[in-house]
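The values are calculated or read from the model by the stated rules, or taken from the named source; none is laboratory data. All values reported here derive from a predicted model rather than from experimental measurement. Cβ coordinates were reconstructed from backbone atoms using ideal geometry, including for glycine residues, and neighbour counts include every protein chain displayed.
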Amino acid sequence: MDKFIIEGGTPLKGTIAISGSKNAALPIIAAGLLGNSETTIHNIPRLQDIYTFNNVLRVVGAKVDFIENENTVKIDPTGVSHLEAPYDLVRKMRASFYMLGALVGKHGYAKVSLPGGCAWGPRPVDLHLKGMEAMGIKISLDKGYVIAEAGDTLKGGSFTLEPSSVGATVNLLLASVLKAEKFVIKNAAKEPDVVLLCNTLVKMGANIEGIGTDKLTIRKVEELNGVEINNDPDRIELGTYMIAGAMHPENELTLTGCNADHLGGFPDLLRKTGTKVDIDGSVIKIKAPKVLKAVSAKTDIYPGFPTDLQAQWATMLTQAEGKSKVTDTVYFDRFSYVPELVRLGAEMHNEKNTVHIEGKTPLTGASVMSTDLRASVSLVLAAMVAENTTEVLRIYHLDRGYESLENKLGPVGAKITRVEDQ
Ligand code: UD1
């Protein structure tokens, strides 16, 4: 298990290229299973979650070729015959559950293990299953596996997601585009990841109305063809590096390959801290203020403040002058980073789904342990401004979602070394 040794206190100056989005890649890779021919996707990040998902596709019989030096993945779905995604793989990553929609949506049958993934709070899949039932799919549970069965055609119907869910919207789209006479998803997720999936499916031949709105109407088509498409840039990686750019008074970062349209109100929120944020097409420049102002935040569904930036924002606020709070309304239990930051010297505590922060506190290096993907990157952010040396243990979480983190931050001034922890 690898760990990072980070010597803090060095300013960040220079350019970082933003990678393709992990969360956008997974649904479009799954969509590749619905085609009658090969799908090629560019700008796929080299991340553990992508390797895992590719393996899930291979297990069911798809040919997946990941041309890593080009960040391109090719999916040939014509050999799919084993309609089962096993626990061994699905437990590693929650999004493997997209196999349920993709397999039943194309082949009329799927047996998929209930998912694992990041360990924060309860993360149910009830909406995925109830939505499929509303479409006419027969769902049963057998020893930790979900079995989904559909005939050639489903009547469809409508289903309201309460709360709005990215994963359920993705699964219901995958399940319905080739099967449902007419299916309406109400309160659908509007995240860019869902929009990219819809546009990909339409390019493959699907009939979807309302793309980008919270009401998606799907009417089945006879077949879908393989396509060649580009994945979106990673808005969470981008947001993380924007936050990194604000955390030390001498920081100045240029971030390239960005899509600022996917950030919602985030740039304006960051500007309120005194940070300079200049957006010029796909390039975003960040200049930290001399004194960072404390700005509270509350997560919400897109285009609101993303829960996937909650931990990083709260970490930044430990370096801001004054009291602030960060509330997570999407996941109530995503604060495992708080006690770790307290060990570094942060003054913060959480009550229910809100973390209260008092800054600015000097942070001092210690050994800390990451417990999920976004928590672990937050510890790296903290370590980069802490005095002395910090060890961030169990960075396999981080490798699931941040492509070449130390190779991106090293050249701009961070002192991060990866070592194998015995
Ligand atoms: C996706 C992202 C994750 C992000 C989250 C919210 C991927 C691979 N992961 O996760 O990084 O943090 O969106 O932006 O894209 N819910 C239910 N029942 C369900 C499904 C969800 O109650 O069946 C609830 C969840 O508990 C949560 C809310 O819906 O409170 C939103 O979750 P959802 O959008 O589904 O998150 P994921 O798709 O799992």
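Okay, here's what the table says:
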| read-out | value |
| --- | --- |
| Near pairs, Cβ below 6 angstrom, 6+ apart or cross-chain, from region 301-325 (in contact (Cβ under 8 Å) with a residue 24 or more places away in the chain) to any residue that is near the ligand (Cβ under 10 Å from one of its atoms) and part of a strand (DSSP E or B) | F305/T299; T307/T299; Q310/T299 |
| Those residues of region 108-129 which are at pLDDT 85 or above, within 13 Å of the ligand (Cβ to nearest atom) and surrounded by 14 or more Cβ atoms within 10 Å (Cβ to Cβ), in sequence order | L114, V125, L127, H128, L129 |
| Residue satisfying all of: in region 144-158; of a type outside the set (V, I, T) and over 20 Å from P115 (Cβ atoms); farthest from the ligand (Cβ to nearest atom) among these | D152 |
| Residue in region 138-153 that is surrounded by the fewest Cβ atoms within 10 Å (Cβ to Cβ), counting only those that are without any contact (Cβ under 8 Å) to a residue 40 or more places away in the chain and part of a strand (DSSP E or B) | D142 |
| In region 170-193, the residues that are more than 19 Å from N225 (Cα to Cα), part of a helix (DSSP H, G or I) and β-branched (V, I, T) | none |
| Residue count, region 260-302 (criterion: away from the ligand (no atom under 16 Å from the Cβ) and on the phi > 0 side of the Ramachandran plot) | 2 |
| Top-ranked residue of region 14-39 - restricted to ones that are farther than 20 Å from V195 by Cβ and part of a strand (DSSP E or B), ranked as farthest from the ligand (Cβ to nearest atom) | G14 |
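Yes/no per residue for (1) outside the structural domain of E162 (by TED's automatic domain parsing); (2) under 21 Å from S376 (Cβ atoms); (3) among the small types (G, A, S); (4) surrounded by fewer than 20 Cβ atoms within 10 Å (Cβ to Cβ):
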site	(1), (2), (3), (4)
P249	yes, no, no, yes
C258	yes, no, no, no
D261	yes, no, no, yes
R271	yes, no, no, yes
K276	yes, no, no, yes
P306	yes, yes, no, no
A311	yes, yes, yes, no
